[in-house]
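Input: a single structure, listed below in structure tokens.
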Amino acid sequence: MTENTQQGPHNHHEPSTAAPADLPTQYAPAEVESELYERWVARGYFEADAKSDKPPYTIVIPPPNVTGSLHLGHAFQHTLMDALTRRKRMQGHEALWLPGMDHAGIATQNKVEQQLAEEGKSRQDLGRAEFTERVWQWKEDYGGRILGQMRRLGDGVDWTRERFTMDEGLSRAVQTVFKRMHDEELIYQAERIINWCPRCLTAISDIEVDYQDDEGELVSIRYGEGEHSVVVATTRAETMLGDTAVAVHPDDERYAHLIGQRIKLPLTDRDIPVVPDVHVNPEFGTGAVKVTPAHDPNDFAIGQRHQLPTLTVLDERGVITAHGPYEGLDRFEARSAIVAALREQGRIVAEKRPYTHSVGHCSRCSTTIEPRLSLQWWVSVGPLARAAGDAVRDGRVEIHPADLSSRYFEWVDNMHDWCISRQLWWGHRIPVWYGPEGEVVCLGPDEQPPTGEGWHQDTDVLDTWFSSGLWPFSTLGWPEETADLRRFYPTDVLVTGYDIIFFWVARMMMFGLYAMDGTPPFRSIALTGLVRDAHGKKMSKSFGNVVDPLDWMEAYGSDALRFTLASGANPGTDVPIGEDWVKASRNFANKIWNATRYALMNGATVRGPLPEPAEMTAEDRWILSRLGAVVTEVDGYYDDFQFARLSDALYHFAWDEVFDWYVELTKTTFQRGGRAAEVSQRVLGEVLDVLLRLLHPIVPFVTESLWTTLTGRESVVVADWPVDSGFRDEPAEQEVAVLQQVITEVRRFRADQGLQPGQRVPGRLALTGTPLAAHEEAIRSLLRLEPAGEDFTATAALPVAGVTVELDLSGAIDVDAERKRLTKDLGLAEKELRQTGAKLENAGFLAKAPEDVVDKIRARRVAAQEDITRIQEQLERLPRG
RNA sequence: GGGCGCAUAGCUCAGCGGUAGAGCGCUGCCCUUACAAGGCAGAUGUCACUGGUUCGAUCCCAGUUGCGCCCACCA
């Protein structure tokens with residue numbers, strides 16, 4: 001903790017012990033949330049102290065793009081990360097949740113270029129320096145938007161440690177890693193076929209290419225003449241201008257006579273060789289393939305095997321550069337023009353036919369990718385990827401849920417070298433300088449560039465994921481040996497989507513292991529699914545089902561959104577969300593609000609020691625017993641990132657057990673007053689105190705408002721996380737279970753009889769000698785039973801679990817309704833009797849089933865028999881209709 | 001082409017060898033002095049299909065069908 005939370009001006013008690021009556025009857029989130037958040041920040045609750053002696057707990061945020069705004073996916077992951085850090089902070093850890101943003105090279109550059117285009121300008125018009133200046137300005141203007149949204153969500157991040165992938169410290173980290181890897185030849189320059197986006201005008205890596213099935217046309221073209229001819233098939237006819245061979249399978253007898261021969265390439269004055277290559281599939285098409293080494297990765301490989309020349313015929317914008325009639329045509333125009341010309345020459349042997357094939361598109365702008373031969377920088381991933389795989393394989397890093405680790409392995413075990421250079425202007429410039437004599441110098445962060453004529457820096461920048469990959473340690477000060485780095489690295493858990501395993505997770509693993517001497521960047525990886533709409537459909541602009549989380553937060557409160565997201569968070573699975581569900585969560589928050597308000601009005605308190613169990617009623621002991629169990633249950637779920645289950649457990653415990661049953665059962669105790677009331681008031685205070693603390697990480701705002709009011713203390717943010725008291729009371733739990741059963745049964749009877757819920761009915765309770773004797777008053781109150789008068793004649797008797805309840809309905813009983821209900825129940829009980837009987841007569845079952853299961857079946861049979869007897873008695877007692 | 005996952009109430013999803021669960025929705029009654037954003041009671045399922053293992057299968061195994069996702073150098 002920082003000085004803010006220690007003794008000091010901020011430590012005074014807020015005037016938070018408002019009289020309960022002052023609390024409005026409905027929770028109004030919008031009014032309190034932002035105020036509470038700013039108070040937390042001002043008090044420094046979220047600031048981590050590297051010098052503290054508490055055990056550290058660290059999460060670095062997946063840095064959102066500066067260009068972006070908060071979408072539901074962020075809100076979802078942030079809710080989980082916030083809950084994890086808030087809980088650990090309450091558990092006494094030095095919890096650091098480190099925020100920041102990613103410069104998002106290509107995405108941001110595109111955005112600013114779009115803006116320029118609206119002004120009729122291009123980045124070239126501005127020049128590199130002015131353009132990057134403009135991007136920085138843009139970042140200043142819009143980049144902080146998402147940070148404001150994070151505050152709205154309640155993200156308890158340490159704002160004093162906010163980082164940006166392009167800030168100075170992170171740039172030093174980038175340069176340091178680059179130089180070290182360059183010197184160790186893990187980074188190298190090579191000319192290869194890369195994925196080129198003719199619109200973004202840059203290379204992109206394999207995973208930045210989205211493949212879609214596109215309708216293309218497969219045309220078959222005859223190369224050469226007569227005996228010396230061969231038919232090839234292609235979907236990219238325009239690349240034929242760059243063909244430097246035709247390849248056939250070496251064993252393909254159809255073409256044996258051509259191997260080693262040269263044939264005429266149509267539309268050109270060139271002859272190209274026919275080469276044998278085992279990678280040609282004789283079954284596909286004609287079994288002969290045109291080879292364009294400069295414009296196709298496979299062809300490039302064939303070219304290398306046969307020392308074929310590479311002939312570039314398309315420029316960076318996808319325009320034909322080959323001399324001749326097609327020069328200057330766009331690749332798609334050239335395609336039609338060339339097919340037309342070939343047809344005219346009678347070289348199209350089979351008419352072109354529709355052909356669906358997978359075509360790569362730029363993931364940033366959807367432009368069709370053009371494979372292109374060019375000189376780029378690469379990371380040699382072999383040893384790094386192996387280490388990244390091993391760290392998970394040997395258990396140093398755990399992936400949750402475990403079955404998604406196969407996706408991780410699939411990637412790291414088959415990784416190709418990573419193209420890291422981008423022909424962009426926005427990003428970390430490659431720290432390599434070229435001299436006039438062909439010198440190549442890679443510089444570290446403190447080294448001065450060479451001076452003198454003819455020296456120039458590489459013009460490319462690094463893939464944005466290069467700096468993201470350093471995030472877990474660069475944000476903590478690396479390469480400096482900072483206190484933060486020593487204290488908070490490695491981080492405890494990475495919370496991110498399974499869709500980003502390749503882009504980010506694997507790369508952080510590689511870089512972390514490499515730069516931090518084999519220490520993986522996190523202990524656990526908690527993978528989340530994607531947020532989808534209420535029908536499980538992907539949210540996308542084209543569907544029109546995208547929701548701005550701010551809208552829902554404004555309407556229902558941040559807590560409601562957070563609780564909804566947490567409730568849907570089953571590890572690694574997608575989360576559907578709809579407005580109705582957020583409403584339901586808002587209702588839950590309101591329920592918490594009102595239940596606490598009621599409790600305060602009835603004297604619930606946290607003051608003084610908890611009374612001895614001997615002084616408590618059964619319901620007091622029951623709810624405390626359940627409370628302890630819930631604490632342990634919730635802790636278990638946190639350990640496995642089971643947010644849906646812990647939310648569900650808390651929801652039902654709070655609403656069903658505490659708010660419905662316990663609160664209702666204690667009403668008569670409170671009315672009666674006395675010592676019993678004091679005991680229950682203290683118990684209710686205890687239950688709410690613990691419950692609000694348990695709920696706080698998920699719904700921080702409403703719990704803060706209520707907890708400070710309830711306890712008069714500073715803030716639940718810095719309260720202790722509840723510990724299971726260990727108190728359990730099995731008899732009390734059973735007693736309350738019977739009580740619930742009796743009450744429910746009578747209520748059902750009343751409902752069936754059409755009695756108004758408020759209508760008082762003379763009733764007689766035979767409770768003496770049963771465990772429920774002490775509950776008579778509560779039962780009478782809940783069931784609206786009046787004392788029976790002189791002329792009481794029972795017309796209905798409901799024996800449940802040994803308790804008999806008789807009601808005098810003054811002859812007004814609806815016999816038909818009651819007979820119908822009883823007959824139905826009788827049928828069910830008889831069925832149960834048959835089924836359990838069959839089981840217990842089954843020798844195999846008795847021999848092999850575990851004892852507790854057999855006992856359970858026996859108990860069920862006994863219960864069924866009792867039910868039958870009881871129901872039959874009741875049926876007999878009914879007046880004839 | 002390779003790999004993975006899913007099929008459970010009207011909808012969205014939990015569960016998982018031993019009496020089918022939740023939320024929302026639905027039906028009926030109720031503005032009961034905490035809450036109508038609420039209370040009480042209730043209805044609703046060949047747990048995709050076919051076989052197998054088992055005393056017992058929604059759950060395990062095999063196959064079928066239908067969806068979804070990931071990977072791949074589909075000329």
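The values are calculated or read from the model by the stated rules, or taken from the named source; none is laboratory data. Quantities reported herein were computed from a predicted structural model and do not represent experimental measurements. Positions of Cβ are backbone-derived with ideal geometry, glycine not excepted, and every protein chain shown enters the neighbour counts. Heads up: the accessible areas ignore ligands, DNA and RNA and are worked out on the full protein's heavy atoms, side chains in. Shrake-Rupley method; radii C 1.70, N 1.55, O 1.52, S 1.80 Å.
What do you reckon, how do A:498, A:211 stack up by accessible area (1.4 Å probe), largest on top?
Values: A:498 40, A:211 140 Å².
Correct descending sequence by accessible area is A:211, A:498.
Could you order the peptides A:621-629, A:387-395 from most to least packed, using the average number of other C-beta atoms within 10 Å per residue? Don't jump to the answer; show the numbers that get you there.
Details: A:621-629: 22.2, A:387-395: 17.0.
For the peptides A:621-629, A:387-395, the packing ranking is A:621-629, A:387-395.
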Rounded to the nearest 10 Å², what accessible area does residue A:553 have for a 1.4 Å probe in the complete protein model? 0
Would you mind checking the tilt of helix A:851-877 against the longest principal axis of the Cα atoms of chain A, expressed as 0 to 90 degrees and rounded to 10? 50
Quick query: amide H of residue A:398 versus all other amide H atoms, modeled in the peptide plane; which residues come in under 5 Å with a sequence gap of 5 or more or a different chain? A:524, A:525
Tell me the angle of helix A:700-711 to the major Cα principal axis of chain A, expressed in degrees between 0 and 90 and rounded to the nearest ten. 30
Where does each of A:23, A:375 land when they are ordered by accessible area, with a 1.4 Å probe and the largest first? A:375, A:23
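I'd like the antiparallel share, as a percent to the nearest 5, of DSSP beta bridges with both residues in chain A. Walk me through the intermediate numbers first.
Details: 62 of 87 bridges.
Taking every DSSP beta bridge within chain A, about 70 percent pair in antiparallel fashion.
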Run the reach check for residue A:290 against lysines, Cα to Cα strictly under 17 Å, same-chain hits fewer than 8 apart removed. What comes back? A:264, A:352
3J(HN,Hα) from dihedral phi, segment A:208-218, Karplus parametrisation 6.51/-1.76/1.60, rounded to Hz, x for glycine, proline: 8, 9, 9, 9, 10, 7, 10, 7, x, 10, 9
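Run lengths n ≥ 4 of DSSP H only: what is the helix-derived mean residue ellipticity at 222 nm for chain A, with -39500 (n - 2.57) per run over all residues, to the nearest 500? Please report the intermediate quantities before stating the final value.
On the way: 28 runs with 367 residues, N = 881.
After summing the helix terms and dividing by residue count, I get -13000 deg cm²/dmol.
Accessible area, 1.4 Å probe, largest first: how do A:54, A:290, A:88 sort? Provide the component values of the computation, followed by the final result.
Values: A:54 65, A:290 10, A:88 40 Å².
Ranked list, largest accessible area first: A:54, A:88, A:290.
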Which aspartates and glutamates does residue A:54 reach when only Cα atoms under 16 Å apart count, and residues fewer than 8 places away in its own chain are ignored? A:3, A:94, A:484, A:492, A:720
Report the accessible area of residue A:795, computed with a 1.4 Å probe over the heavy atoms of all protein chains in place, in Å² rounded to the nearest 10. 30
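If you roll a 1.4 Å probe over chain A with all protein chains in place, what percent of the accessible area is carbon or sulfur?
Details: 18590 of 38240 Å².
After summing per-atom areas, the C and S share lands at 49 percent.
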Hey, which of these cross-link pairs are over 27 Å Cα-Cα: A:537/A:591; A:111/A:541; A:831/A:856; A:538/A:583; A:667/A:824? A:537/A:591; A:667/A:824
For helix A:579-601, report the angle its Cα long axis makes with the longest principal axis of the Cα atoms of chain A; keep it between 0 and 90° and round to the nearest 10°. 40
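Express the accessible area of chain A per residue in Å², computed with a 1.4 Å probe while the remaining protein chains stay in the model. Show your work: numbers first, answer last.
On the way: 38240 Å² over 881 residues.
Averaged over the residues of chain A, the accessible area is 43 Å².
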Packing rank of A:63-69, A:98-104, where each peptide gets the mean count of other beta carbons within 10 Å, highest leading: A:98-104, A:63-69
Environment charge at residue A:179 (Cβ cut-off 15 Å; Lys +1, Arg +1, Asp -1, Glu -1): -3
